[in-house]
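The next block holds one structure in the form of structure tokens; read it before the comments.
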Amino acid sequence: MRAVELFEAGARQVDVVTRLGVSAQTASRWYRSWEVGGRDALIGAERLGRPARLSDGQLAQVQAALVAGPKANGFATDMWTLARVAQVIEQVTGVRYSPSQTWLILRQRLGWTRQRPARRAAERDQEAIEQWVKRDWPRIKRGLGDAERGSVSRTKADSRCCPSCGAPGLPAGKHRC
């Protein structure tokens, strides 16, 4: 057992946690057992609980199917969901998993992470976007000039009745333009 080798080499419990990827409680329990009973006290302590339902060979087959992509596995779109991954696992190995168990397999055993696709329109015209950014965006970002500023509100003293005459706000029908 690797934990015994680390303890015998003088490693601290924290070192065992980081190197072996176990919880602090597990490392502490292993250390206490090792202190009391030595190497023999930890025989079989590496793998507690239910044995894995997928062997390493089956996991390699699943990973190969996932790398091939969703369309290669018969799905209409090119995006993986947990339900789709669970379906592929069942097709390849005959073992059924829930979405939460599927996520644990992806994350812990395969080392995969969650990724979201960039949302872009199928009709996206990158050249038109670049031209707009060069031509229109600087003017929009700069904003209105001082000559163009003002309020069209009739309740403010400096408001204009209309942009063409520039007169202060007057009641309807009495403006000068």
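None of the figures in this text is laboratory data; all of them are computed from the coordinates on show. If you're wondering where the values come from, they're calculated on a predicted model, not measured in any experiment. When we count neighbours, we look across all protein chains shown, and the Cβ atoms used for this are built from the backbone with ideal geometry, even at glycine.
Given the range 1-128, report the % of alpha carbon pairs whose separation exceeds 17 Å. Roughly 68 percent, once rounded to a whole number.
Among the GluC sites (Glu not before Pro) in the range 24-97, those placed in a DSSP loop whose Cβ has at most 16 other Cβ atoms within 10 Å are Glu46. Counting pairs of Cα atoms in the range 1-41, how many percent are more than 18 Å apart? Value for the range 1-41: 12 percent of Cα pairs lie more than 18 Å apart. A viscosity of 1.567 mPa s and a temperature of 4 °C, combined with the Kirkwood radius over C-alpha pairs in the Stokes-Einstein formula, give the range 56-109 a diffusion coefficient of 117 µm²/s.
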